[in-house]
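First the structure, in the form of structure tokens, and then the observations on it.
The values are calculated or read from the model by the stated rules, or taken from the named source; none is laboratory data. Fair warning: this is a prediction, and the values are worked out from it, not measured in the lab. Reconstructed Cβ throughout: ideal geometry from the backbone, glycine too, with neighbour counts over all protein chains shown.
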Amino acid sequence: MPLGFMLFSVTPMLRKFSTILVPMAVLFAAWVIVFQIPLLSPEKQGLVPLAPYLLHFVGMLLAWHFRRGRVFLALLAVGVCYYLFRTQLVHGTDTPEAWLIYRVLMVVVPFNILLIALMREKGVWTMAGRMRLSFVAVQIFAVWMTVRLDQHAVWVALTRPLVNWPALGRFAMPQLSLVLILLAACVALLRAVSLGSPIEGSMFACCVTLFVVFRWLWSPHVPETFCAASALIQIMAVIQDSYNMAFRDDLTGLLSRRVLNERLAGLGSRYAIAMVDVDHFKNFNDTHGHDVGDQVLKMVGARLMDIKGGGSPFRYGGEEFTVLFPGKSAKEAHPHLEQLRLAIADYRMTLRGEDRPKDEERGKSRRSGSRNSGEVSVTVSIGVAEPGERHGTPRDVLKAADEALYKAKNKGRNQTCLAGGR
């Protein structure tokens, strides 16, 4: 029967919410800027409505280039919303056409943002991406037909109050719009916290933007400021996500070996380098399966993220990790590495096997073939070195730390060994 693994998250709560802190800071700055725009000269105020167009265009280009279809669609939805406001609704809903367009936007845009929040990333011009763009085109055509044929009844029905609650009237938007935005925000927030993805954080900010824009649609400078801020957040998310792909290990979330190589070149004359290796990892994989092995690496990576003493952890490769201690000697780094070693050794992982489904692929079953359930633990061996006469360059120190690591393994594993220092 396939073997599974139950592992509680060890990531601090603040780190979990980091993906939404920056977007919310940008939105807060947008709220402050709204009150500063009237202080600008008339010429500069005339440029403010152009900012959302420029930022949405740049954001859509970046999303296309980096194959971020969800961001592309979100920018398209908010961009169309802003365009229709500037061209059709800037003077209110006095005409029947403006009234209908207003109701359409209040329903269609939040509905699409909810769909985008629920989607998985499948690119822009892939088969799935083209199908999504086709669905958007169908919506645009259907909306155009209802406006063209003056079919107001369907939008009147969709924008009627869902419940008789006078307090909801303070939001100045149809109740269905509020429900859709709230659902999309909850989905985006949960995914941002659980996945730690800047893209999900930008989706949450997009929901907040829609709420603010719809609530204060005709307040001076609110739509242009917040639509521009939303586009800026999406741009930042695409850049951050691309950086994470290039410089962070996807499994553990640690910085990659590529970043380690750059950091080694910038170290001063006083530092320590530690090599950390999971003991008997191959045997553990063979016994419990690669899925459980991946969870072990995640657990070790999470413990490394919490290392004290100013250590910076990196995924070196396989089951090996590296920790840099700038400005510290090997002896000064040693107690922090011992604390790390003990934390990993004391951690108990609960395996479960009896309640797993029986219809999984044969290959996965073969990889995860153990039938025994219970608690397991792993240990790590650590080698640490600092610059000395025999190893003066960071590469030499790294090699010395690796030799100290194998010394720790030869002495029985689950211990920390120091190489010769200065």
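Numbers below:
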| read-out | value |
| --- | --- |
| Residue match in segment 116-136 (condition: in a helix (DSSP H, G or I) and in contact with a Ser or Thr (Cβ under 9 Å, 6 or more places away or on another chain)) | no |
| Residues that are among the aromatic types (Phe, Trp, Tyr) and not in a helix (DSSP H, G or I), drawn from segment 152-205 | Trp165 |
| Subset tally (residues that are surrounded by fewer than 18 Cβ atoms within 10 Å (Cβ to Cβ) and in contact with a helix residue (DSSP H, G or I) (Cβ under 7 Å, 6 or more places away or on another chain)) for segment 377-394 | 2 |
| Odd one out for Ala272 among (1) in contact (Cβ under 8 Å) with a residue 60 or more places away in the chain; (2) small (Gly, Ala, Ser); (3) loosely packed, with under 14 Cβ neighbours inside 10 Å | (3) |
| Residue, modelled with the lowest pLDDT, within segment 84-98, restricted to residues that are part of a helix (DSSP H, G or I) and in contact with a helix residue (DSSP H, G or I) (Cβ under 8 Å, 6 or more places away or on another chain) | Glu97 |
| Index of the failed condition, Glu224 passing every other in (1) in a helix (DSSP H, G or I); (2) surrounded by fewer than 17 Cβ atoms within 10 Å (Cβ to Cβ); (3) not hydrophobic (A, V, I, L, M, F, W, C) | (2) |
| Test: residue in segment 302-322 that is closer than 30 Å to Tyr83 by Cβ and in contact with a helix residue (DSSP H, G or I) (Cβ under 8 Å, 6 or more places away or on another chain) | no |
| Matching option when the condition is of a type in the set (D, E, K, R), assigned by TED's automatic domain parsing to the domain that holds Leu100 and more than 24 Å from Ala229 (Cβ to Cβ), among Arg191, Arg160 | Arg160 |
| Exclusive hit being out of contact with any Leu (no Cβ under 6 Å at 6 or more places or on another chain), closer than 13 Å to Met24 by Cα and surrounded by fewer than 22 Cβ atoms within 10 Å (Cβ to Cβ), set Met236, Met203, Met245 | Met236 |
| Total residues in segment 47-90, condition free of Cβ contacts under 8 Å to residues at least 40 places away in the same chain and aromatic (Phe, Trp, Tyr) | 3 |
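Listed here are the residues, each with its yes/no results for (1) at pLDDT 90 or above; (2) more than 19 Å from Trp218 (Cβ to Cβ); (3) surrounded by 15 or more Cβ atoms within 10 Å (Cβ to Cβ).
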| residue | (1), (2), (3) |
| --- | --- |
| Leu118 | yes, yes, no |
| Val124 | yes, yes, yes |
| Val138 | yes, yes, no |
| Ala153 | no, yes, no |
| Asn164 | no, yes, no |
| Pro174 | yes, no, yes |
| Ser177 | yes, no, yes |
